[in-house]
Amino acid sequence: MKIDRKNLIKRHCPKVSKVEPLSPLSVGNGEFAFTADITGLQTFPDSYEVPLGTQSNWGWHSTNQPNQYTLADIDFQSLETYGRKVDYPIYPGTKPEAYHWLRQNPHRLQLGQLSLLLYKENGELAHLGDLEAINQILNLWEGSLDSEFKVQGESVFVKTVCDPDADRLGVSIQSSLLRKGRLQVMVKFPDPDVCSDEWEEATQLKWENSGRHSTTILSQSNHSVRFKRQLDLDGYEVAWEWSEGVLKEISEHEYILESGDIAELTFSISFATNSPSVSEFEDIVYQSKEHWEAFWLNGAAIDFSDSHDPRAHELERRVVLSQFLTAIHSGGSLPPQETGLMYNSWFGKFHLEMHWWHAAHFPLWGRTQILEKSLEWYRTILPLAKQLAASQGYEGARWPKMVGPEGKQSPSTIATVLIWQQPHPMTLAEYSYRANPTKEILLRYKEIVYTSADFMASFAVWDEAREEYVLGPPLIPAQENHKPEESINPPYELEYWKFGLDIAIKWAERLQEPISSKWLNVSQALAKPPHADGVYLAHEQCPHTYTRYNHDHPSMVGALGMLPGTLIDKAIMKRTLLKVKREWDWDSAWGWDFPMCAMTAARLEERELAVEFLLLDAKKNTYLANGHNYQRPGLSAYLPGNGGLLTAVAMMTSGWHDSELDSPLFPEDGNWNVKWEGLKSIL
């Protein structure tokens, strides 16, 4: 029986009747997103604990000028690497100004704040407490945000929708307050600079330093205006077109649209680096409906409505909302930041070790074309990745960790010594090929796959006494609380190294090209993942089995689950997983750790354990009313958790490559009735 997809999606549309300080709602298209409060715009931003963002994939700024500092301007630390020194930009050293500037720049911009000005009968500006009968619905099926409320008995209806093909909003406002002159629309533009070395303190919009940027009217008519924004050497334009009204400049960066004798005001506002185009509100609504209906009908679907387990409805809600959120925040031409296009985390930069968690689910849910948008970006930064590898004495391309759109690595006490992002683009390319097994795909991503493998083979070191290849030191495992000079052979990285090299070997075979002997040698002779006391260790020189190191990511379990575990003993991994469940400090874990453990349980065919991990009652496994994965104050949106959830559910439903599942890997206690369509198996 086919799934009623419209009903499936509609029953999980978020509905809001009061301010949810951690859960504002967003509309977007993968390249651009707008996050609104209960009015459908950004009228009461101070009532939310997270910034209400207007962000894009092109909107970046460098304070003063690009390349004011480069990595040549900071101190490097030399780490002993099997008889030679390799330099890493780890600590501020004697040049903290350059170090922090490089971490902060370029930073993603907040493009503008769009809000309502609501007035009471006595002429005073209405505050949040003056709003009554609040009713807001995010219509997932159509991609629109429908907001309704009253001010002193007067109803206001606002529809907010994002153009699926442009960085453009369409807005309709219906209210008798328009005719009475008690409702206006305001746009204002914030300061561009980062004001703190700590990203958590730099997320809020700033308005005090108006001299650091300029807003100029390029053209104006009775129904439109075009602004030019200039921020040091960076700039962009904003086009605003409305049905009826008069524009007034309030200050250098603040403009108000006063409506006339009308019952409905419609407008569109577009953002672009130059020459943004406008569109009719009705056209944006139509295009959004067409786009989102196709999105929900053409991808995969899973329905838990016939299940009796009390956790099933919440799991279905998380799955539906995660599909929407990853599409609008993680579905663009750049790997996303953890908070997507809501607001800045880590100065708006993205972390490439998270890209798998953001994007691997897209091909599993029948949406490979979304993955390929950001996968293409690796081809643009390949020269820089080759330079990075060569500067450290390695072959091939070494992918950085914390980067902006240009692909330059940021200095960091941790990021520069991580390695587990290295096989990600190879794995994502393999997913692309499996969805479309053509020579064209092989040729498109061949250089990414081959150069990644060249670095990996070069990074591994032959240990003559052991007669095997080892990884590190120096490195920091995915569990980031270990010293780089002490860490050797973390299980997850060992397994992922073999997995990635084997992908490169397969690609050479498919293309009937010579296979690198180094790839073969390293793949076949990697060290075995270390274990002690019957469980896998964080790395070979970690002396404790989770008594001191039971926090952050339990990444050793990822060697079987996220990965096929060709180097893994399943009995040892089962003991490891059970010990992790009992003894891990889950408040210190991160959102993707829970689906990672669920995938490990699924590979072990521990069905109930997989569900327990997926829905574990833990602070960082919280999914808010808007569907975002909460982590901690200041980080209420964490998209790797949403992406990981979708990957785990796909795996628990359709298994993995070469598995022979007769039914989904949910408990066989009669309480789970899972209907699904179109899901693909994990590698």
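The values are calculated or read from the model by the stated rules, or taken from the named source; none is laboratory data. Because the structure is a prediction, the values reported are computed rather than measured. Every residue, glycine among them, receives a Cβ derived from its backbone with ideal geometry; neighbour counts consider all protein chains shown.
Have a look at Gly40, Gly53 and point out the one that is surrounded by 23 or more Cβ atoms within 10 Å (Cβ to Cβ) and under 22 Å from Lys289 (Cα atoms). Don't jump to the end; show me each part of the working.
Details: Gly53 fails: under 22 Å from Lys289 (Cα atoms).
The conditions single out Gly40.
Being at pLDDT 95 or above, over 25 Å from the mean Cα position of the chain (by Cα) and of a type outside the set (D, E, K, R): is that true of Ala390 here? Explain how you work it out, then say what you get.
Numbers: at pLDDT 95 or above: yes; over 25 Å from the mean Cα position of the chain (by Cα): yes; of a type outside the set (D, E, K, R): yes.
Yes: the conditions hold for Ala390.
Test Thr368 against the stated conditions and say whether it is closer than 22 Å to Met562 by Cα and at pLDDT 95 or above. So that I can check it myself, show each step before the final result.
Numbers: closer than 22 Å to Met562 by Cα: yes; at pLDDT 95 or above: yes.
For Thr368, the condition - closer than 22 Å to Met562 by Cα and at pLDDT 95 or above - is met.
Can you name the residue in the range 128-143 that is assigned to a loop (DSSP other than H, G, I, E, B) and either touching a strand residue (DSSP E or B) at 6+ places or on another chain (Cβ under 9 Å) or among the hydroxyl-bearing types (Ser, Thr, Tyr) (or both) and, of all such residues, is surrounded by the fewest Cβ atoms within 10 Å (Cβ to Cβ)? Give the steps one after another, and end with the answer.
Step one: list which residues in the range 128-143 are assigned to a loop (DSSP other than H, G, I, E, B), which gives 140-143.
Adding the requirement that they be either touching a strand residue (DSSP E or B) at 6+ places or on another chain (Cβ under 9 Å) or among the hydroxyl-bearing types (Ser, Thr, Tyr) (or both) leaves 142-143.
Details: Glu142: 20, Gly143: 28.
Result: Glu142.
Return yes when Ala166 is more than 28 Å from Glu49 (Cβ to Cβ) and assigned by TED's automatic domain parsing to the domain that holds Gln287 and no when it is not. Explain how you work it out, then say what you get.
On the way: more than 28 Å from Glu49 (Cβ to Cβ): yes; assigned by TED's automatic domain parsing to the domain that holds Gln287: yes.
Yes: the conditions hold for Ala166.
Looking only at the range 466-499, how many residues end up being part of a helix (DSSP H, G or I) and of a type outside the set (A, V, I, L, M)? Spell out the reasoning first.
First pass over the range 466-499, keeping only residues part of a helix (DSSP H, G or I): 491-499.
Narrowing the set further to residues that are of a type outside the set (A, V, I, L, M) leaves 491-493, 495-499.
The qualifying residues number 8.
Can you list the strands (runs of 3 or more DSSP E) found entirely within the range 52-107 that contain at least 2 residues being without any contact (Cβ under 8 Å) to a residue 60 or more places away in the chain? Don't jump to the end; show me each part of the working.
Values: elements: 54-56, 77-80, 85-88.
Strands (runs of 3 or more DSSP E) meeting the threshold: 77-80.
Considering only the range 197-207, state which residues are outside any helix (DSSP H, G or I) and either over 19 Å from Met342 (Cβ atoms) or touching a residue at least 60 places away in the same chain (Cβ under 8 Å) (or both).
Within the range 197-207, the subset outside any helix (DSSP H, G or I) is 197-198, 203-207.
Matches in the range 197-207: Asp197, Thr203, Gln204, Leu205, Trp207.
Go through Thr653, Thr622, Thr647 for me and flag whichever is touching a Pro at 6+ places or on another chain (Cβ under 8 Å), surrounded by fewer than 24 Cβ atoms within 10 Å (Cβ to Cβ) and polar (S, T, N, Q). Let's see the steps before the verdict.
On the way: Thr622 fails: touching a Pro at 6+ places or on another chain (Cβ under 8 Å); Thr647 fails: surrounded by fewer than 24 Cβ atoms within 10 Å (Cβ to Cβ).
On inspection, the qualifying residue turns out to be Thr653.
Report yes if some residue within the range 551-559 is out of contact with any strand residue (DSSP E or B) (no Cβ under 8 Å at 6 or more places or on another chain) and at pLDDT below 95; otherwise report no.
As a first pass, look at the range 551-559 and keep what is out of contact with any strand residue (DSSP E or B) (no Cβ under 8 Å at 6 or more places or on another chain): 551-555, 558.
Still in the list and also at pLDDT below 95: 551-552.
Yes, because at least one residue in the range 551-559 is out of contact with any strand residue (DSSP E or B) (no Cβ under 8 Å at 6 or more places or on another chain) and at pLDDT below 95.
Can you tell me which residues in the range 117-127 are part of a strand (DSSP E or B) and in contact with a helix residue (DSSP H, G or I) (Cβ under 9 Å, 6 or more places away or on another chain)? Quick ask: steps written out before the conclusion?
To start, the set of residues in the range 117-127 that are part of a strand (DSSP E or B) comprises 117-119, 125.
Selection gives Leu118, Tyr119.
Is there a residue being in the same structural domain as Ser275 (by TED's automatic domain parsing), over 25 Å from Ser172 (Cα atoms), surrounded by 13 or more Cβ atoms within 10 Å (Cβ to Cβ) and not basic (Lys, Arg) anywhere in the range 240-250? Break it down stepwise before answering.
From the range 240-250, those in the same structural domain as Ser275 (by TED's automatic domain parsing) are 240-250; that's our starting set.
Filter once more, so that each one left must be over 25 Å from Ser172 (Cα atoms): none.
Scanning the range 240-250 turns up no residue that is in the same structural domain as Ser275 (by TED's automatic domain parsing), over 25 Å from Ser172 (Cα atoms), surrounded by 13 or more Cβ atoms within 10 Å (Cβ to Cβ) and not basic (Lys, Arg).
Within the range 208-223, identify whether any single residue is buried (at least 17 other Cβ atoms within 10 Å of the Cβ) and part of a strand (DSSP E or B), and answer yes or no.
From the range 208-223, those buried (at least 17 other Cβ atoms within 10 Å of the Cβ) are 213, 215; that's our starting set.
Narrowing the set further to residues that are part of a strand (DSSP E or B) leaves 215.
Yes, there is a match, as at least one residue in the range 208-223 is buried (at least 17 other Cβ atoms within 10 Å of the Cβ) and part of a strand (DSSP E or B).
Using the structure shown, decide if Trp356 is out of contact with any strand residue (DSSP E or B) (no Cβ under 7 Å at 6 or more places or on another chain) and in contact (Cβ under 8 Å) with a residue 40 or more places away in the chain. Before the answer, list the steps.
Working: out of contact with any strand residue (DSSP E or B) (no Cβ under 7 Å at 6 or more places or on another chain): yes; in contact (Cβ under 8 Å) with a residue 40 or more places away in the chain: yes.
Yes: the conditions hold for Trp356.
Just to be sure I understand, how many residues within the range 550-572 are surrounded by 21 or more Cβ atoms within 10 Å (Cβ to Cβ) and either of a type in the set (Phe, Trp, Tyr) or under 14 Å from Ala532 (Cβ atoms) (or both)?
Number of matching residues: 1.
Please work out if Pro640 is of a type outside the set (D, E, K, R) and either surrounded by fewer than 21 Cβ atoms within 10 Å (Cβ to Cβ) or at positive phi (or both).
Taking the combined requirement at face value, the residue does not satisfy it.
Considering each residue of the range 658-677, count those that are touching a strand residue (DSSP E or B) at 6+ places or on another chain (Cβ under 7 Å) and among the hydrophobic types (A, V, I, L, M, F, W, C), and give that number.
Looking only at that region, the number is 2.
Under the condition of being in contact with a strand residue (DSSP E or B) (Cβ under 6 Å, 6 or more places away or on another chain) and not in a helix (DSSP H, G or I), which residue from the range 500-528 is farthest from Ala571 (Cα to Cα)?
Restricting to residues being in contact with a strand residue (DSSP E or B) (Cβ under 6 Å, 6 or more places away or on another chain) and not in a helix (DSSP H, G or I), the top hit is Ala525.
Mind checking whether some residue in the range 576-591 is touching a residue at least 40 places away in the same chain (Cβ under 8 Å), in contact with a Gly (Cβ under 8 Å, 6 or more places away or on another chain), part of a loop (DSSP other than H, G, I, E, B) and not charged (D, E, K, R)?
Yes: one or more hits.
I'm checking my understanding of the structure. Among residues of the range 632-676 that are under 21 Å from Glu314 (Cβ atoms) and polar (S, T, N, Q), which one is nearest to the chain's Cα centre (by Cα)?
Step by step, filter the range 632-676, then rank; the result is Asn642.
Residues of the range 165-193 being crowded, with 24+ Cβ neighbours inside 10 Å, part of a loop (DSSP other than H, G, I, E, B) and out of contact with any Gly (no Cβ under 7 Å at 6 or more places or on another chain), which ones?
Asp167
Across the range 286-321, which residue is farthest from Met1 (Cα to Cα) among those that are touching a His at 6+ places or on another chain (Cβ under 8 Å) and part of a helix (DSSP H, G or I)?
Taking the candidates together, the pick is Leu321.
Kindly provide the set of residues from the range 592-611 that are in a helix (DSSP H, G or I) and under 24 Å from the mean Cα position of the chain (by Cα), ordered by number. Spell out how you get there, then give the answer.
Start the filter on the range 592-611 by keeping residues that are in a helix (DSSP H, G or I), which leaves 593-603, 607-611.
Those that are in a helix (DSSP H, G or I) and under 24 Å from the mean Cα position of the chain (by Cα): Asp593, Phe594, Pro595, Met596, Cys597, Ala598, Met599, Thr600, Ala610, Val611.
Out of (1) assigned by TED's automatic domain parsing to the domain that holds Leu205; (2) assigned to a strand (DSSP E or B); (3) surrounded by fewer than 23 Cβ atoms within 10 Å (Cβ to Cβ), what's the single condition that is false for Leu114?
Among (1) assigned by TED's automatic domain parsing to the domain that holds Leu205; (2) assigned to a strand (DSSP E or B); (3) surrounded by fewer than 23 Cβ atoms within 10 Å (Cβ to Cβ), Leu114 violates only (3).
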